[in-house]
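Chemist: Sending over a structure as structure tokens; questions will come in a sec.
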Amino acid sequence: MEKSLDRKLARILANPSCRDFILADAKDADMAHGLAAPGRSPESHNGEAQFRTLAEYRQQMRDIVAQGLVDIMLMSASSNEVLTINERLFDNNAITPAVRANDTTDIWLATGSGRYAQQPSQPFRTATIDHIQCGKAECSPNERRLGADLGLYSVTFNNDVALDLPTLEAYNAFRIEAERKGFRHFLEVFDPNAAEHPPADLGRFINDHIVRTLAGVTGRGRPVFLKIAYHGPAAMEALARYDRSLVVGILGGSAGTTFDAFHMLWEAKKYGARVALYGRKINNAEHQLSFIELLRAVADDQIEPVDAVKAYHGVLQRLGVRPHRSLEDDLQQTETASSYSGKSSVVKGRPASKSPKSRQPATAKAPADAPDFAKMSQAEKVQWNLDRWKRIVG
């Protein structure tokens, strides 16, 4: 089946002003957070923190794939083996499986370690391309299509040649291997995590490093898109307009409010972003499928952020799910962390009341009334959601 990612990328590259938008669920946190990766369990355990299991985490991935509203499901290599290679979860739908292809030291966030994220990032890869593609150390040519053919590769620049040179050398080696093995990647560029000399203009620093890094990379080795922290309209617009063949995406960062999630995507798209990869924002949502439905609607210009927050709270009320915050608090824009470690480089924004004028509050039908997505074709899912949002927003 044709993947929506490939279709949208082709349209965006042909016409950068088109309104297509790529949405990814990043469920690769087991490469970073250890036991806490699946998120808090809704169960109560005498006030003590209790996390979901890995099996529950993977079931959420299955449910979101069955829903059919994201374009990419990003996983660890071990989850990819279970879901992509063994279960063939992605064979008959339009969602593209992707795998975190490296795990630099600044995402080593196992509870109790405490220090890795505050030390300068060093390159490291647990997964190999072959293990991602076929689940073993060496793949035959016919086996390379068994697993994922798309990976996330991340780099962190700390404004120090002794630190940044090994990072670039490791990325160079990865690109060459990936090209030889027919493996695509998208490039995540983290903000400095331990810079002795922090750049004065962080957005310009990241943009310049991306442009400089990729200037020497020809088409076959280039990333299919970027994943970066959102540094505001000016930085986004400058990067997006510099090279129209470079598709720019944003990372979600920490959970924040529901308005934070919807508004960041809405504003980033306005200034040139065409991809959003949300991990903690989705995983920490009260009801992930409903959150994704509204996120998809914002991404597709069907509803504005304020209305989407109100619609989301309406869904939670009908489902009997207690929200993390009151509607009033959830409509506030807050400072959210942009890195795995919880450090923030995002300037605190304005409250929702000062965002662009919105339409009358929208309502949304509860997912409980939805058909069985697992039994629907991709075309039927798309049509069902289009009809649904036409009823909501008119």
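Chemist: Using modelled amide H (1.01 Å from N, peptide plane; none on Pro or chain starts), what sits under 5 Å from the amide H of HIS185, excluding residues fewer than 5 places away?
Modeler: Under 5 Å from the amide H of HIS185 lie the amide H atoms of GLY151, VAL224, each far enough along the sequence or on another chain.
Chemist: Taking θ as phi - 60°, what are the ³J(HN,Hα) couplings along the range 254-261 by the Karplus curve (6.51, -1.76, 1.60), each to the nearest whole Hz, with x for Gly and Pro?
Modeler: Taking θ as phi minus 60°, the curve returns 5, 4, x, 8, 5, 4, 3, 5 Hz for the range 254-261.
Chemist: Once you've got the Cα coordinates, tell me which of LYS3/LYS227; LYS8/LYS310; LYS227/LYS281; LYS136/LYS227 are over 26 Å apart.
Modeler: LYS8/LYS310; LYS136/LYS227
Chemist: Given R₀ = 22 Å, what would the calculated FRET efficiency be for VAL217 paired with HIS197, taking r from the Cβ atoms and rounding to 0.05?
Modeler: The value I calculate is 0.25.
Chemist: May I pose another question? Give a residue-ordered list of calculated ³J(HN,Hα) values for the range 63-70 (Karplus: 6.51 cos²θ - 1.76 cosθ + 1.60, θ = phi - 60°; whole Hz; x for Gly, Pro).
Modeler: 3J(HN,Hα) across the range 63-70, in whole Hz: 5, 6, 5, 5, 5, x, 9, 8.
Chemist: State to the nearest 20 debye the size of the charge dipole of the range 131-284 about its Cα centre, where the only charges are +1 on K and R beta carbons and -1 on D and E beta carbons.
Modeler: Dipole about the Cα centre, nearest 20: 740 debye.
Chemist: Modelled label-to-label distance, SER140 and ASP63, 7 Å Cα→beta-carbon offset: nm?
Modeler: It works out to 4.0 nm between the two label points.
Chemist: Can you compute the FRET efficiency between ARG244 and GLU335 using 1/(1 + (r/R0)^6), with r the Cβ-Cβ distance and R0 = 30 Å? Round to the nearest 0.05.
Modeler: Taking R0 as 30 Å, the efficiency between ARG244 and GLU335 is 0.40.
Chemist: Convex hull over the alpha-carbon atoms of the range 148-246: what's its volume per residue in Å³?
Modeler: Cα-based convex hull of the range 148-246, divided per residue, equals 98 Å³.
Chemist: Cβ neighbours within 10 Å, averaged per peptide: list 128-140, 163-175, 20-32 in order, most packed at the top.
Modeler: Final packing ranking: 20-32, 128-140, 163-175.
Chemist: Could you give the length gained on full extension between ASP301 and ASP91, defined as 0.36 nm per residue of separation minus the Cα-Cα distance, in nm?
Modeler: Net length gain for the segment: 72.7 nm.
Chemist: In addition: At 0.36 nm per residue, minus the direct Cα-Cα distance, what do VAL321 and LEU13 gain on full extension? Give it in nm, one decimal, please.
Modeler: Gain on stretching VAL321 to LEU13: 106.8 nm.
Chemist: What ranking, highest mean first, results for peptides 183-190, 315-322, 274-281 when packing means the other Cβ atoms within 10 Å averaged over each residue?
Modeler: My ranking of the peptides, most packed first, is 274-281, 183-190, 315-322.
Chemist: Let me ask another. How big is the range 90-132 by the Kirkwood estimate over distinct Cα pairs, in Å?
Modeler: 12.6
Chemist: Excluding GLU188 itself, what net charge comes from residues whose Cβ is under 13 Å from its Cβ, given Lys and Arg +1 and Asp and Glu -1?
Modeler: Surrounding charge for GLU188 is -2.
Chemist: For the range 159-174, just list the computed ³J(HN,Hα) in residue order, Karplus coefficients 6.51, -1.76 and 1.60, θ = phi - 60°, integers in Hz, with x standing in for Gly and Pro.
Modeler: Karplus values, whole Hz, x for Gly and Pro: 6, 9, 4, 5, 8, 7, 4, x, 4, 5, 5, 5, 5, 4, 5, 4.
Chemist: Counting other beta carbons within 10 Å of each Cβ, put SER254, SER76, SER245 in order, fewest first.
Modeler: SER245, SER254, SER76
Chemist: Only counting other Cβ atoms within 10 Å, I'd like GLU267, GLU87 sorted with the fewest neighbours first.
Modeler: GLU87, GLU267
Chemist: Taking the square root of 5 times each eigenvalue of the Cα gyration tensor, what semi-axes in Å does the equivalent ellipsoid of the range 1-137 have, largest first?
Modeler: For the range 1-137, the semi-axes come out at 28, 20, 17 Å.
Chemist: List the residues whose amide H sits under 5 Å from the amide H of ILE22, counting only those 5 or more places along or on another chain, with H placed 1.01 Å from N in the peptide plane.
Modeler: VAL275, ALA276
None of the figures in this text is laboratory data; all of them are computed from the coordinates on show. Just so it is clear, the model here is predicted, and its values are computed rather than measured. When we count neighbours, we look across all protein chains shown, and the Cβ atoms used for this are built from the backbone with ideal geometry, even at glycine.
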